[in-house]
1. Yes or no: region A:276-283 includes at least one residue that is within 10 Å of the ligand (Cβ to nearest atom), in a loop (DSSP other than H, G, I, E, B), in contact (Cβ under 8 Å) with a residue 60 or more places away in the chain and buried (at least 19 other Cβ atoms within 10 Å of the Cβ).
2. Can you give me the number of residues within region B:35-55 that are within 7 Å of another protein chain (Cβ to nearest Cβ) and part of a strand (DSSP E or B)?
3. Only residues in region A:250-261 that are closer than 20 Å to B:Val51 by Cβ count as the first member; pair them with residues that are surrounded by fewer than 16 Cβ atoms within 10 Å (Cβ to Cβ) and among the small types (Gly, Ala, Ser), Cβ under 6 angstrom, at least 6 apart or cross-chain, and list the lot.
4. For the condition more than 23 Å from the chain's Cα centre (by Cα), modelled with pLDDT of 90 or more and within 11 Å of chain B (Cβ to nearest Cβ), what is the one hit in A:Gln19, A:Gln53, A:Gln37?
5. How about region B:5-55: which of its residues are of a type in the set (Gly, Ala, Ser) and surrounded by fewer than 22 Cβ atoms within 10 Å (Cβ to Cβ)?
6. Looking at region B:56-74 only, could you name the residues that are over 14 Å from the mean Cα position of the chain (by Cα) and either at the interface with chain A (Cβ under 8 Å from one of its Cβ atoms) or surrounded by 17 or more Cβ atoms within 10 Å (Cβ to Cβ) (or both)?
7. Going by the structure shown, is B:Ile5 more than 25 Å from A:Lys152 (Cβ to Cβ), among the β-branched types (Val, Ile, Thr), within 10 Å of the chain's Cα centre (by Cα) and facing chain A (nearest Cβ under 8 Å)?
8. Confirm whether A:Glu244 is exposed (fewer than 13 other Cβ atoms within 10 Å of the Cβ) and either over 30 Å from A:Ser353 (Cα atoms) or in contact (Cβ under 8 Å) with a residue 24 or more places away in the chain (or both).
Amino acid sequence: MRFIDEYRDAVTIKAISMQLKAVTKKPWVIMEICGGQTHTIIKYNIEEFLPPQITIVHGPGCPVCVTPLEMIDKAINIASRADVIFTSFGDMLRVPGSKDDLLTVKANGGDVRMVYSPLDSVNLAEKNPEKKIVFFGVGFETTAPANAMAIKEAARRGLKNFSILCSQVLVPPAIEALLSSENSRVQGFLAAGHVCTVMGFHEYIPLVEKFNVPIVVTGFEPADILQGILMTVSQLEQNKCEVENQYSRVVKKEGNAAAQNLLKDVFETIDRKWRGIGTIPKSGYRIREKYSLYDAEKVFDVGEISANESPLCIAGEILQGYKKPFECSAFGKECTPEHPVGAPMVSSEGACSAYYRFKKNELTV
Amino acid sequence: MCLAIPGKIISIDNSNPELKMAKVDFAGVMKNVCIEWLPDVQTGEYVLVHVGFALNKIDVEDAEKTLADLRAMGDLPEVE
Ligand code: SF4
């Protein structure tokens, strides 16, 4: 496929790898934020192309992984009602709540459906006026405008039976929280290219200035990631720290203005809890009061649900880059993709699941 | 979750003025995609698509230049 295959080409990858080995002198710790990038790094064994001085740690950028347990329990509560069709992207269905997951609700007769786009849920609402259609609106800035658009479109069609259970999170406040922690060992970041496609990258400039770390907006293919690492290391070796853009074929500094305007209209920024990490100030969106008709938390009285994580799971340390999945005592034992204990084992973008799929053999020998 | 894939705009449908749609070709697989956020996109252009929405255009010239630069790195003598 054009704009994908070229970035998986062995000659190109080797060329970047050579250059990276030439410029790297000192040891550096670099974090990729986005779960999509984690997946590429593990799947293509990117570490094999890095000089030994570079350590890659995996960040909290898998929305499936950081959606709090209470939110999953609220989803399960709503999905279990007889008058509801609950819709979601596929990877949320298997995330364990405190008792069940959404697939169990489906097995017990609940109407739970996987959709490709939130607009599919709006169409379902139009076709099923006697039912309440709820979409599980999880994701970062990449997905948020699609959810905002679904609300606008439902409003335009005059639908009163469509709502979103909103658990939207934002990347820059998470980077800020990571860097503010005393334990942080991250010296450079690869920022998530698709988040920046929407938001641009001006939000990272104050972070670079405050914390003295280079941030390089990076794409998702192996050559993109290696080039992003090369740009980060080149800055570090020269004692520079700037925001740079590796993914310039799609990311512009200002991002997509139309999508951003939509976000401002539909959402407001609030503090959000991240699974395994805790509450991060101003790190998420909620649906504005004027659209409360489309806010599932207001439509359905789910009240205050609170929940406790399994004591086995060290997802928080993994999502902040302090530990690798195989350092968890449950990894590959109590916790596998078939029976996940924690969220990073569920999504193919979660670090635990990526390690389990692609690295299990080398780790257990 | 933030997966987005490149596709080529085949035709544009303006029938809903608040939800501009397009037929997009992903290496032979056709899908209807909302292009509301890219007001000046044309047929034949490449876009990056996420959950049924085009997030931005792909700058073909920029992509080709970056690739050429990357490949050229392989021609450099290895620095000690
Ligand atoms: S392996 Fe399972 S239990 Fe351990 S941190 Fe990962 S998700 Fe949690």
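The values are calculated or read from the model by the stated rules, or taken from the named source; none is laboratory data. All of these numbers come straight from a predicted model, not from anything done at the bench. Because the Cβ atoms are built from the backbone with ideal geometry, glycine has one as well, and the counts that use them run over all protein chains shown.
1. Checked region A:276-283: at least one residue is within 10 Å of the ligand (Cβ to nearest atom), in a loop (DSSP other than H, G, I, E, B), in contact (Cβ under 8 Å) with a residue 60 or more places away in the chain and buried (at least 19 other Cβ atoms within 10 Å of the Cβ).
2. Of the residues in that region, 5 qualify.
3. So the pair list comes out empty.
4. A:Gln19
5. Residues satisfying the conditions are B:Ser11, B:Ser15, B:Ala27, B:Gly28, B:Gly44, B:Gly52.
6. B:Thr66, B:Leu67, B:Leu70, B:Arg71, B:Ala72, B:Met73, B:Gly74
7. No.
8. For A:Glu244, the condition - exposed (fewer than 13 other Cβ atoms within 10 Å of the Cβ) and either over 30 Å from A:Ser353 (Cα atoms) or in contact (Cβ under 8 Å) with a residue 24 or more places away in the chain (or both) - is not met.
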